[in-house]
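Following: one structure in structure tokens, then a few remarks.
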Amino acid sequence: MNIIFATQNPNKVKELQAQLPESILVKSLLDLEYTKELEETQQTLEGNALQKVRFVHKKFGANCFADDTGLEVEALNGEPGVYSARYAGEEKSFDANMNKLLSELGNSKNRNAQFRTVIALIFEGKEYTFDGTCKGEITLEKIGSQGFGYDPIFKPNNFTQTFAEMALDQKAKISHRGLAFNQLIRFLSEQMNP
């Protein structure tokens, strides 16, 4: 089975490819030489994921999926949420985003947060969504060099390491994106072996 992942983020593709059976081949937008940024103008993660997947499906006419992820911090009323990638500005700098978040939180005792991923899939013309959540807390400083995004400042509940200190396979088992991808993989596997 061939399917398009509506992303230009090679880190996301690498994370997913590590979990997929060999019978499912994923192509990113970079593989298809599509480099224009996909619009994300909706107010929710679901809305953005659906907006991206509908555009890609219309353009390429193939089975495809898109995701949108947000970090929701309790003490910041759920921010940065849908604006996670652009929290510190349009240049989407991981470092600037983390610095702004740590600064906004300051010495707050409430460091509860959750990562949430929504995947929208168009398969054989029908739309589906899958949702994954990982609860944890924001650390006081950046720790670790793996992963991307807010990984160095997010420590999942019941773990002593941040996402940025974990091996890819360990992170995939517990992360928001890993949980949502597992639902997607189960669904696609069922379609291949009804």
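The values are calculated or read from the model by the stated rules, or taken from the named source; none is laboratory data. Bear in mind that the values here come from a model prediction, so they are computed numbers and not experimental data. FYI the Cβ positions are ideal-geometry reconstructions off the backbone, even for glycines, and counts take in every protein chain you see.
In the set (1) under 21 Å from Leu184 (Cβ atoms); (2) out of contact with any Leu (no Cβ under 8 Å at 6 or more places or on another chain); (3) surrounded by fewer than 18 Cβ atoms within 10 Å (Cβ to Cβ), Lys14 fails one condition alone, (2). With respect to the conditions (1) under 15 Å from the mean Cα position of the chain (by Cα); (2) surrounded by fewer than 17 Cβ atoms within 10 Å (Cβ to Cβ), Ser28 falls short on a single one, namely (2). For the stretch 27-41, the set of residues classified as under 14 Å from Val53 (Cβ atoms) and among the hydrophobic types (A, V, I, L, M, F, W, C) consists of Leu29, Leu38, listed by residue number. Candidates are the residues of the stretch 164-180 that are within 26 Å of Asp95 (Cβ to Cβ) and hydrophobic (A, V, I, L, M, F, W, C); the one that is surrounded by the fewest Cβ atoms within 10 Å (Cβ to Cβ) is Ala167. For the stretch 137-163, residues that are of a type in the set (Val, Ile, Thr) and either under 19 Å from the mean Cα position of the chain (by Cα) or surrounded by 22 or more Cβ atoms within 10 Å (Cβ to Cβ) (or both) total 3. Restricting the stretch 63-87 to residues that are in contact (Cβ under 8 Å) with a residue 60 or more places away in the chain and β-branched (Val, Ile, Thr), the residue that is farthest from Phe130 (Cα to Cα) is Val73.
Given the criteria farther than 22 Å from Leu179 by Cβ and buried (at least 16 other Cβ atoms within 10 Å of the Cβ), does Ala49 qualify? Taking the combined requirement at face value, the residue does not satisfy it. Any residue at all in the stretch 155-177 that is in contact with a Leu (Cβ under 8 Å, 6 or more places away or on another chain) and aliphatic (A, V, I, L, M)? So far as the stretch 155-177 goes, no, none of its residues is in contact with a Leu (Cβ under 8 Å, 6 or more places away or on another chain) and aliphatic (A, V, I, L, M). Residues of the stretch 141-163 that are more than 21 Å from Ser93 (Cα to Cα) and β-branched (Val, Ile, Thr): Thr160 alone.
Applying a threshold of 8 Å to beta carbon distances and a minimum spacing of six or more residues, or different chains, the list of pairs starting in the stretch 30-57 at a residue that is more than 14 Å from Val118 (Cβ to Cβ) and ending at one that is in a helix (DSSP H, G or I) and hydrophobic (A, V, I, L, M, F, W, C) reads Leu32/Phe60; Leu38/Phe55; Leu38/Val56; Glu39/Phe55.
Quick grid of which residues meet (1) assigned to a helix (DSSP H, G or I); (2) touching a residue at least 40 places away in the same chain (Cβ under 8 Å); (3) in contact with a strand residue (DSSP E or B) (Cβ under 6 Å, 6 or more places away or on another chain):
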residue	(1), (2), (3)
Leu121	no, yes, yes
Asp131	no, yes, yes
Lys142	no, yes, no
Phe148	no, yes, no
Lys155	no, no, yes
Thr160	no, no, no
Phe181	yes, yes, no
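Has the stretch 88-98 got any residue that is under 25 Å from Thr129 (Cα atoms), surrounded by fewer than 16 Cβ atoms within 10 Å (Cβ to Cβ), at pLDDT 95 or above and not polar (S, T, N, Q)? There is no residue in the stretch 88-98 that is under 25 Å from Thr129 (Cα atoms), surrounded by fewer than 16 Cβ atoms within 10 Å (Cβ to Cβ), at pLDDT 95 or above and not polar (S, T, N, Q).
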